[in-house]
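The values are calculated or read from the model by the stated rules, or taken from the named source; none is laboratory data. Values in this document were obtained by computation on a predicted structure and should not be read as measured data. So basically every Cβ, Gly included, is an ideal-geometry build from the backbone, and we count neighbours across all protein chains shown. Note: accessible area is taken over every heavy atom of the protein model, side chains too, but ligands, DNA and RNA are not part of it. Shrake-Rupley method; radii C 1.70, N 1.55, O 1.52, S 1.80 Å.
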Amino acid sequence: MRKLFIAANWKMNMYHQGAVELIRGIIERTRLLNSIDIMVAPPFTLLETIKSEIQNTHIQLGSQDVFFEESGAYTGEISPGMLLDVGCTHVIIGHSERRQYFHETDEIINKKALAALKNHLVPILCVGETWEERKQGKTFLILNRQILFDLQGIDNEKLSSIVIAYEPVWAIGTGKSATKEQIQEAHSYLREVIKEFASSPEIAYQLRILYGGSMNPKNAQEILSQKDVDGGLIGGASLNIDSFSSLVQIAENVQKMKE
Ligand code: PEP
């Protein structure tokens, strides 16, 4: 049975004081909700602060990105070991904003995923099509290409610990979520691709696939109830105590229904 996972991506938002208020509010409102996994990915500058705030809670710490080298002359970059050192357990890799604005290719994303795993960090690998690609009927083609390229060289043993996030680019930050049918169809397709890639139905069954794209307390119940949806990667709605805590509560209820 896969445990639902709600992951917050704060993106390039939050300063110290606001971040502390936000995380304290979330801890207060979610401390009894222990049936699901929760992760928060603040900007690098807040990792240390959030780490100390979430001590003794079941909230985990994630990073929004990582570089693939271990150390050296790479000004401005952060290594997987540094993330581990600050207390991260997860790292978001291949977010569409990184692909779009920072020209990250599948080759780079694959190197990042391998480097994260080598350092015992769980990659949350983001894949998804643009609106143009969906209109042209290329959704499956794009998902297939991204997944197979990004996961190259990752052995079966490590595969089931990876988290995949299906994030249709056109639904991110737009307030326009994909429909439950579009989401279930993409998730079930991704699970099939993993099944082939891993040549093991068991690994594909264990691996969690999150949905990301304008998820909020109004649409969460419907989305999270889909058979192949194992949680959400939440952008906008993770920046507010009420909306994020409500999402966690909804996920907790759905988890109990799915059990
Ligand atoms: C995201 O950036 O991963 C995301 C899903 O953003 P939003 O929830 O704001 O659409």
If you wrap a convex hull around the alpha carbons of the chain, what volume per residue comes out, as a whole number of Å³? 118 Å³
Projected area averaged over all directions for the convex hull of the alpha carbon atoms of the stretch 1-128, nm², comes out at 8.6 nm²
222 nm mean residue ellipticity, helices alone, for the chain (DSSP H n ≥ 4; -39,500 (n - 2.57); rounded to 500): -13000 deg cm²/dmol
Inter-part gap, Cα centre of the stretch 126-158 to Cα centre of the stretch 67-114, in whole angstrom, is 19 Å
Reachable lysines, given that their alpha-carbon falls under 24 Å from the alpha-carbon of LYS218 and they are not under 8 places away in the same chain: LYS3, LYS11, LYS176, LYS180, LYS227, LYS256, LYS258
Given a 1.4 Å probe, the accessible area of the chain per residue, as a whole number of Å², is 46 Å²
Accessible surface of the chain [probe 1.4 Å, protein heavy atoms]: carbon and sulfur percent: 52 percent
Where Rh is the Kirkwood radius over Cα pairs, Rg/Rh for the stretch 208-256: 0.92
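With +1 assigned to the C-beta of every Lys and Arg and -1 to the C-beta of every Asp and Glu, and no other charges, what is the dipole magnitude of the stretch 5-258 about the Cα centre in debye, to the nearest 20?
That gives a dipole near 540 debye.
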